[in-house]
Amino acid sequence: MNDARPRGNSLAARDIAALVHPYTNLRTHEKDGPVVVTKGHGVYVRDDSGKDYIEGMAGLWCASLGFDEPRLADAASRQLRELPYYHIFAGKSHEPGIVLAEKLKEIAPVPMSKVFFAGSGSEANDTAIKILWYIANAAGTPKRKKILSREKAYHGVTIAAASLTRLPINQRDFDLPIFPVAYAETPHHYRHALPGESEDAFSTRLAENLEKLILAEDPETIVAMFAEPVMGAGGVIVPPAGYFPKIQAVLRKYGILLVADEVICGFGRTGNMWGTQTYDIKPDIITCAKALSAAYLPISAVMISEQIYAAMQQQSDKIGSFGHGYTYSAHPVPAAVAIETLKIYEERDIVGHVRRVAPRFLKGLKSLDDHPLVGETTGVGLIGGIQLVKDKASKTFFQPSQAVAPLVGKACEVAGLMARALFDNRVAICPPLVIDEAQIDEMFARLRKGLDDGYAAAKAKGLLD
Ligand SMILES: Cc1ncc(COP(=O)(O)O)c(C=O)c1O
């Protein structure tokens, strides 16, 4: 029998013996083994065989400045020597936490009053949920606890955040959602628009359906809606024209707050500093993470409006303390790295760079439309999604069990590109923001090769019959 299972004392064999991998089929992993990454340089990473890949996903949508920025390493090292740790519980503070909060307030897309720090996007969203419940009680409206999310939303994996994340693998057999959540429709025009329906008419229909959902659930029970400006892990779904102003008008009508989850879109990804600016969203709370520190160290933030802060202040005074916080809230080392990251964004005009290279990126993405496996490509700034379909002309989608996107993902890897297979046979591309035009061209050449080879693999498995 030909068993290619990693053996001996290799890193691959040791990985299999010791590690649980997120988002991995744990059984097939034991057979296939890991790709062990050893080094990063620019927009590339290298595996332990010496092979280079263009990191077309910036890791997990996060390594905005690529993989070898010395200024971030220096910022971390300076802070580690000065004050490697201190907390901000019970009125303690430190300069990196203060400076980073000030900086975020300064660049926020709408006036924000205060900033709370956490370690991950999930923790930031959990914090936002808890704040919403806290202020509902402060306002004497304890019934207002339900939250609106959307089908295919991704807001993280901690228990509360994963209750909003509406993807089958994140909820199935984890007994989620754990509290009342109502899910609005996915704003995916290609998949869900009626024949001949314009983007604007589709957005109007979704806003009307949102209002129906709110009325059916009872508006007096709903505190807020969470939304990613561009839905990321749900497939890189770019909102249709007019979508956010229309749904936000409905939310306002019923006094429902809006939380913008900027964990992927924040810090330039869509060609503006914030996704909320690209889509004319006026949020009450913003959560962000990932590119906040260019992914060099974990840190996330929750920005809150003055109205929300005032309610928190009142409630904390009534109870005696705001009883929420993480050991590593505003950890000084990731905070120092985030401050340096934001400085680099400014000095190098990263948003301007994204705007300059985005047309090349979007042209490369569009050039894939002629591929037999590609039903739709969609993107904005430096983020793109590709819908794989069984038949383009009749718009026939694969069944969820027909996993073609992972075959394309694997073929891209062989071709020297990290791309990401997502739910519903979509493929994502979201490179470091510092990518240049020649690298963009090379990335799409490798992506086309991945599509060709993925197509051949799908055919060989009988998935196209
Ligand atoms: C939009 C969005 N929100 C939240 C999260 C969760 O972030 P984390 O994995 O840091 O908990 C993610 C992660 O990809 C995300 O894309």
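The values are calculated or read from the model by the stated rules, or taken from the named source; none is laboratory data. On a predicted model such as this, the values are computed, not experimentally measured, just so you know. No Cβ is skipped: glycine too gets one built from the backbone with ideal geometry, and neighbour counts run over all protein chains shown.
The table below lists the values:
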| read-out | value |
| --- | --- |
| Any pair with Cβ under 7 angstrom, 6 or more apart, that starts in segment 97-121 at a residue that is outside the structural domain of ALA233 (by TED's automatic domain parsing) and ends at one that is within 16 Å of the ligand (Cβ to nearest atom) and acidic (Asp, Glu) | none |
| Test: residue in segment 335-353 that is in contact with a Gly (Cβ under 8 Å, 6 or more places away or on another chain), under 25 Å from LYS130 (Cβ atoms) and not hydroxyl-bearing (Ser, Thr, Tyr) | yes |
| Segment 163-177 - residue that is under 15 Å from the mean Cα position of the chain (by Cα) and either at pLDDT below 95 or in a loop (DSSP other than H, G, I, E, B) (or both) and, of those, nearest to the ligand (Cβ to nearest atom) | THR165 |
| Filtered residue count, segment 97-124, keeping only those that are more than 18 Å from TRP274 (Cβ to Cβ), of a type in the set (A, V, I, L, M) and buried (at least 20 other Cβ atoms within 10 Å of the Cβ) | 1 |
| Test: VAL408 is within 24 Å of PRO34 (Cα to Cα), assigned by TED's automatic domain parsing to the domain that holds LYS449 and among the hydrophobic types (A, V, I, L, M, F, W, C) | yes |
| Flag for GLU228 being touching a His at 6+ places or on another chain (Cβ under 8 Å) and either among the aromatic types (Phe, Trp, Tyr) or within 10 Å of the ligand (Cβ to nearest atom) (or both) | yes |
| Hey, GLY268 closer than 22 Å to VAL354 by Cβ and either in contact (Cβ under 8 Å) with a residue 24 or more places away in the chain or within 16 Å of the ligand (Cβ to nearest atom) (or both) or not | yes |
| Residue in segment 208-222 that is in a strand (DSSP E or B) and either more than 12 Å from the ligand (Cβ to nearest atom) or in contact with a Leu (Cβ under 9 Å, 6 or more places away or on another chain) (or both) present | yes |
| Hits in segment 271-293 (condition: among the β-branched types (Val, Ile, Thr) and away from the ligand (no atom under 11 Å from the Cβ)) | THR276, THR278, ILE281, ILE285, ILE286 |
| Strands (runs of 3 or more DSSP E) contained entirely in segment 44-162, each with at least 3 residues that are within 16 Å of the ligand (Cβ to nearest atom) and either within 25 Å of the chain's Cα centre (by Cα) or farther than 30 Å from VAL414 by Cβ (or both) | 114-118, 146-150 |
| Restricting segment 409-427 to residues that are in contact with a Phe, Trp or Tyr (Cβ under 8 Å, 6 or more places away or on another chain) and not in a loop (DSSP other than H, G, I, E, B), the residue that is farthest from VAL230 (Cα to Cα) | GLU413 |
| Only one of ALA193, ALA184, ALA201 that is buried (at least 21 other Cβ atoms within 10 Å of the Cβ) and at pLDDT 95 or above | ALA184 |
| Qualifying residues in segment 19-55 (those that are of a type in the set (Lys, Arg) and more than 19 Å from ILE169 (Cβ to Cβ)) - the one modelled with the lowest pLDDT | LYS31 |
| Matching helices (runs of 4 or more DSSP H) fully within segment 283-390 where at least 2 residues are touching a Lys or Arg at 6+ places or on another chain (Cβ under 9 Å), in the same structural domain as GLY91 (by TED's automatic domain parsing) and not acidic (Asp, Glu) | 306-319, 332-347 |
| Hey, VAL259 within 11 Å of the ligand (Cβ to nearest atom), modelled with pLDDT of 95 or more, out of contact with any Leu (no Cβ under 6 Å at 6 or more places or on another chain) and not in a loop (DSSP other than H, G, I, E, B) or not | yes |
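For every residue, the table says whether it meets (1) within 24 Å of THR278 (Cα to Cα); (2) out of contact with any Leu (no Cβ under 9 Å at 6 or more places or on another chain); (3) touching a residue at least 12 places away in the same chain (Cβ under 8 Å).
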position: ILE344; (1), (2), (3): yes, no, yes
position: HIS353; (1), (2), (3): yes, no, yes
position: ALA358; (1), (2), (3): yes, no, yes
position: GLY379; (1), (2), (3): yes, no, yes
position: ILE383; (1), (2), (3): yes, yes, yes
position: VAL389; (1), (2), (3): no, no, yes
position: GLN402; (1), (2), (3): no, no, yes
